[in-house]
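Beneath this line is the structure, given in structure tokens, with notes to follow.
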Amino acid sequence: MIRIAVPADLDAIAALHAEARATYYRGHIPDEAFDGPAERARTRAGWEGAIGRGGVLCAERDGVIAGMAAFREVNGVMTLTQLHVAPERWRVGIGTELHAACVEEWQRQGVTTARLEVFEENQRAQSFYAHHGWYPDPDEPLVGNHLHFCLTVPTAGCAGAE
């Protein structure tokens with residue numbers, strides 16, 4: 001089930017976020033940069049704000065948050081700011097369901113393009129996004145250690161036409 005996150009989901013979302021980030025950052029950047037106390041507090045505050053804006057979708061399985069996605073407009077462009085699935089639930093379609101729910105919401109809002117950033121070492125995520133139609137941003141492909149990708153949001157009713 002995909003649903004809009006509520007404040008009671010905050011602890012589970014923050015924990016899943018930390019677990020997922022560790023899978024791609026560990027060994028590439030210092031642990032403190034993605035999992036230290038200050039970063040955990042910053043992350044929790046960010047999720048709290050996103051949930052408050054209504055821009056977080058959760059995938060729930062067996063009464064547990066198995067994944068989540070957050071999006072919002074950044075500098076006039078719809079941005080997928082986060083999409084994480086619990087590592088023990090990878091490759092069973094949860095990420096695809098979350099992605100589809102985001103695209104459906106963007107279609108309802110009349111969004112025609114979206115952006116996201118992916119850590120350059122996270123090949124798994126890059127493959128996932130490419131499979132779902134995202135392509136490297138031709139204007140700004142790399143910022144720091146993150147690749148930028150764009151998506152032309154399909155017209156409602158044509159999501160599977162590609």
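Scan region 103-112 for residues that are of a type outside the set (D, E, K, R) and either in contact with a helix residue (DSSP H, G or I) (Cβ under 9 Å, 6 or more places away or on another chain) or assigned to a helix (DSSP H, G or I) (or both) and jot them down. Give the derivation first.
Quick first cut of region 103-112, residues of a type outside the set (D, E, K, R) only: 103, 106-107, 109-112.
Matches in region 103-112: Val103, Trp106, Gln107, Gln109, Val111, Thr112.
Which members of region 100-140 meet the condition of being more than 15 Å from Phe71 (Cα to Cα) and among the aliphatic types (A, V, I, L, M)? Selection gives Ala125, Ala130.
Residues are listed down the side, and each one gets a yes or a no for (1) touching a Phe, Trp or Tyr at 6+ places or on another chain (Cβ under 7 Å); (2) aliphatic (A, V, I, L, M); (3) surrounded by 14 or more Cβ atoms within 10 Å (Cβ to Cβ):
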| site | (1), (2), (3) |
| --- | --- |
| Val85 | no, yes, yes |
| Gly95 | yes, no, yes |
| Val111 | no, yes, yes |
| Glu117 | no, no, yes |
| Asn122 | yes, no, yes |
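Under 21 Å from Ala18 (Cα atoms), crowded, with 18+ Cβ neighbours inside 10 Å, modelled with pLDDT under 95 and not charged (D, E, K, R) - does that describe any residue in region 124-134? Yes, region 124-134 contains a residue that is under 21 Å from Ala18 (Cα atoms), crowded, with 18+ Cβ neighbours inside 10 Å, modelled with pLDDT under 95 and not charged (D, E, K, R). Quick one: is Thr113 within 15 Å of Phe149 (Cα to Cα), at pLDDT 95 or above and either out of contact with any strand residue (DSSP E or B) (no Cβ under 6 Å at 6 or more places or on another chain) or not basic (Lys, Arg) (or both)? Here the answer is yes, as Thr113 does meet what is asked.
Any idea how many residues of region 113-134 are over 14 Å from Thr79 (Cα atoms), outside any helix (DSSP H, G or I) and among the aromatic types (Phe, Trp, Tyr)? Quick ask: steps written out before the conclusion?
Of the residues in region 113-134, the ones over 14 Å from Thr79 (Cα atoms) are 119-128, 130-133.
The next check asks that each one be outside any helix (DSSP H, G or I); those that pass are 119-122, 132-133.
Next cut, among the aromatic types (Phe, Trp, Tyr) only: 119.
Qualifying residue count, region 113-134: 1.
Quick check on Pro154: is it in a loop (DSSP other than H, G, I, E, B) and surrounded by 16 or more Cβ atoms within 10 Å (Cβ to Cβ)? Judged against the criteria, Pro154 is a match.
The values are calculated or read from the model by the stated rules, or taken from the named source; none is laboratory data. Bear in mind that the values here come from a model prediction, so they are computed numbers and not experimental data. So basically every Cβ, Gly included, is an ideal-geometry build from the backbone, and we count neighbours across all protein chains shown.
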